[in-house]
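Since the structure comes first, as structure tokens, the remarks are kept for the end.
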Amino acid sequence: MNFLRTIDKNAERWLLLTFYVMLVITMATEVVRRELFAYSSIWGEEIVRYSFIYLAWIGAAAAVKERAHIRIDVLLHYLGPRMKAMVYILGDLVMFIVALVALYWSFETVLVSAKFGSVSHGLRVSMVWFLMAVPLGFSLMVWRLLQSLRRDMRSLRDGTPVFEGDKLFD
């Protein structure tokens, strides 16, 4: 049970760290190879590109978890706890529907790639591995939105302040 809680708390952080380290090491290696040996590889550029794509989609899910996406919340300051919870629930429901539609269509792209057996140019690895970044990101978003809806429903029921995430500016 503690193991699952740890994964739930830190999954995006660990994934982001993994892809970020892979990106930085590969990019640094390629810069050294290019400057010192006047040689670069196509696979290094591909690893950096696809690591960045995974970073973006996993980061989007992490932002959903922390309520860190950009929003204009000036009007929310004038609402009470219950009304504010209802606004957040509405926003989460809309985003949930959008994420489900996007998840469906992103899997469609992965299935087409798998059907035709497309591979990357440099690594010669199935494109399915790289295209899975989008469904993975939306799957994580759906999961985090379900958690957010549960948390907001509890706040609405109890009349407690809704979770608004960490503030960048106060």
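The values are calculated or read from the model by the stated rules, or taken from the named source; none is laboratory data. Here the structure is a predicted model, which means the values were calculated and not measured. Don't worry about glycine lacking a Cβ; one is built from the backbone with ideal geometry, like all the others, and counts go over all protein chains shown. Note: accessible area is taken over every heavy atom of the protein model, side chains too, but ligands, DNA and RNA are not part of it. Shrake-Rupley method; radii C 1.70, N 1.55, O 1.52, S 1.80 Å.
When segment 46-70 is filtered for residues that are open to solvent by 90 Å² or more (accessible area, probe 1.4 Å) and part of a helix (DSSP H, G or I), the ones remaining, listed by number, are ARG49, PHE52.
Checking each residue in segment 1-37 for being in contact with a helix residue (DSSP H, G or I) (Cβ under 8 Å, 6 or more places away or on another chain) and farther than 19 Å from GLY137 by Cα picks out THR26, MET27, THR29, GLU30, ARG33.
Considering only segment 24-57, state which residues are in contact with a Phe, Trp or Tyr (Cβ under 6 Å, 6 or more places away or on another chain) and in contact (Cβ under 8 Å) with a residue 24 or more places away in the chain. Those that are in contact with a Phe, Trp or Tyr (Cβ under 6 Å, 6 or more places away or on another chain) and in contact (Cβ under 8 Å) with a residue 24 or more places away in the chain: TYR50, SER51, TYR54, LEU55. Within segment 9-45, the set of residues being open to solvent by 90 Å² or more (accessible area, probe 1.4 Å) and under 30 Å from GLN147 (Cα atoms) comprises LYS9, ARG13, TRP14, LEU17, TYR20.
Scan segment 110-128 for residues that are in a helix (DSSP H, G or I), open to solvent by 40 Å² or more (accessible area, probe 1.4 Å) and either aliphatic (A, V, I, L, M) or touching a residue at least 60 places away in the same chain (Cβ under 8 Å) (or both) and the total you get is 3. Would it be correct to say that ARG150 is without any contact (Cβ under 8 Å) to a residue 24 or more places away in the chain, over 22 Å from LEU15 (Cβ atoms) and assigned to a loop (DSSP other than H, G, I, E, B)? No, not satisfied.
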